[in-house]
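Take a look at the structure set out below.
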Amino acid sequence: MLITSASNPRLKQLRAARRDGSPDAQSRVRIEGSKLVREAIQSHLQVEEVFVSESCRRYPGIQALLRKIPGKPEIVEVSDRLFPTIVSTETPQGLLALARLPSFQLEKLLRSASVLLVGCELQDPGNLGTLLRSAEAFAVEGVLLTQTSVNPWNEKAVRASAGSIFRVPCLGGFESTELLRNLGRNGFRFVAATPKATIDFREADYQGRFALILGNEGKGLSEKVLTQVQTKIQIPMTAAIESLNVSVAASIILCEAARQREGPKEHNVHQMLL
């Protein structure tokens, strides 16, 4: 099937979804580009529809990738002239997939997870995507977002996550006070970086169940949230720098937390002597 008309209903739906950034009525998300489609396949997402540009369909690499998609999804060709109208990137790669969302539940996370991220009113999709990537790198088991935070399935967030969003549970829409109370009832301690803190982040204890609380890129964390945080930390910096990007700061803290939780490495004395 080749679509050549700009008024085609399927293209109209794709253009509307591109502007909104939310999953469609069938709980499917847009995945753009061969790299992310490959990540989705490897993460066992159910890819149901694939839209490919007319010229891209002829590439051997794309043909091979399409054959790897389980379940024989519908493949729809779109003319090269129209394909850029259904994607958000300035330089389209000629491939757009619709995949069903993985099923993540807060109750399951609260039972099984020991390290969580909580984003309070995060606004930048690139920051969120980077946070998800760092979360996976440092063994965070879930990311929870409060109300007014960016949609985690925003295409910029998906791209910045480099596929981590397919594997790290990310849930949104929570009221901050109730969410923290729920986490507290389930044995989580809270750690947050704030300029007013006096504890060096390397001296904090990251053992047991804890949640790293992250604030809005411009305003930081509200006093309402900070009053519920048991451990307030700061990252030492030169006087010329007032603050770090939220995703950079989180990555630094999570790296230290992962180091502590891993514990001292045992050395094999026999191997050292050889």
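The values are calculated or read from the model by the stated rules, or taken from the named source; none is laboratory data. Note that this is a predicted model, so its numbers are computed, not measured. A quick note on method: Cβ atoms are made from the backbone with ideal geometry, for glycine too, and the neighbour counts reach across all protein chains shown.
Residue under question is THR130, and the condition is that it be part of a helix (DSSP H, G or I), out of contact with any Phe, Trp or Tyr (no Cβ under 8 Å at 6 or more places or on another chain), buried (at least 21 other Cβ atoms within 10 Å of the Cβ) and of a type in the set (S, T, N, Q); does it hold? Criteria met by THR130. The lone criterion from (1) at pLDDT 95 or above; (2) in contact with a Ser or Thr (Cβ under 7 Å, 6 or more places away or on another chain); (3) basic (Lys, Arg); (4) loosely packed, with under 14 Cβ neighbours inside 10 Å left unmet by LYS224 is number (1).
Under the condition of being under 30 Å from GLY129 (Cα atoms) and among the β-branched types (Val, Ile, Thr), the residues counted in the range 1-32 number 2. Within the option set ARG57, ARG28, being surrounded by 15 or more Cβ atoms within 10 Å (Cβ to Cβ), closer than 18 Å to VAL158 by Cβ and either in contact (Cβ under 8 Å) with a residue 12 or more places away in the chain or under 19 Å from the mean Cα position of the chain (by Cα) (or both) holds for one residue only, ARG28.
All of LEU96, LEU36, LEU110 fail the test of being in a helix (DSSP H, G or I), in contact (Cβ under 8 Å) with a residue 24 or more places away in the chain, hydrophobic (A, V, I, L, M, F, W, C) and not assigned by TED's automatic domain parsing to the domain that holds ALA137, apart from LEU36. On the stretch given as the range 174-229, residues that are among the hydrophobic types (A, V, I, L, M, F, W, C) and assigned to a loop (DSSP other than H, G, I, E, B) total 5. Kindly evaluate LEU65 against the criterion of being among the hydrophobic types (A, V, I, L, M, F, W, C), assigned to a loop (DSSP other than H, G, I, E, B) and surrounded by 15 or more Cβ atoms within 10 Å (Cβ to Cβ). Here the answer is no, as LEU65 does not meet what is asked.
TRP153 meets the conditions (1) part of a strand (DSSP E or B); (2) under 22 Å from ALA17 (Cα atoms) in every case but one. The failed one is (1).
Could we say that GLY173 is surrounded by fewer than 20 Cβ atoms within 10 Å (Cβ to Cβ), assigned by TED's automatic domain parsing to the domain that holds LEU110 and at pLDDT below 95 here? Yes, satisfied. For the range 179-217, the set of residues classified as more than 24 Å from ARG259 (Cα to Cα) and within 23 Å of the chain's Cα centre (by Cα) consists of LEU179, LEU180, ASN182, ASN216, GLU217, listed by residue number.
Here's a check for you: in the range 133-156, which residue that is of a type in the set (Asp, Glu) and closer than 24 Å to GLN207 by Cβ is surrounded by the most Cβ atoms within 10 Å (Cβ to Cβ)? Checking each candidate, the answer is GLU136. Looking only at residues in the range 200-221 that are within 17 Å of GLU242 (Cα to Cα) and among the aliphatic types (A, V, I, L, M), the one that is surrounded by the fewest Cβ atoms within 10 Å (Cβ to Cβ) is LEU221. So PRO84 clears everything in (1) in a helix (DSSP H, G or I); (2) over 11 Å from the mean Cα position of the chain (by Cα); (3) assigned by TED's automatic domain parsing to the domain that holds GLN230 except one condition, right? Which one? Here PRO84 clears every test but (3). Before we move on, is PRO236 assigned to a loop (DSSP other than H, G, I, E, B) and touching a Gly at 6+ places or on another chain (Cβ under 8 Å)? Considered against the rule, which asks whether it is assigned to a loop (DSSP other than H, G, I, E, B) and touching a Gly at 6+ places or on another chain (Cβ under 8 Å), PRO236 comes out as no.
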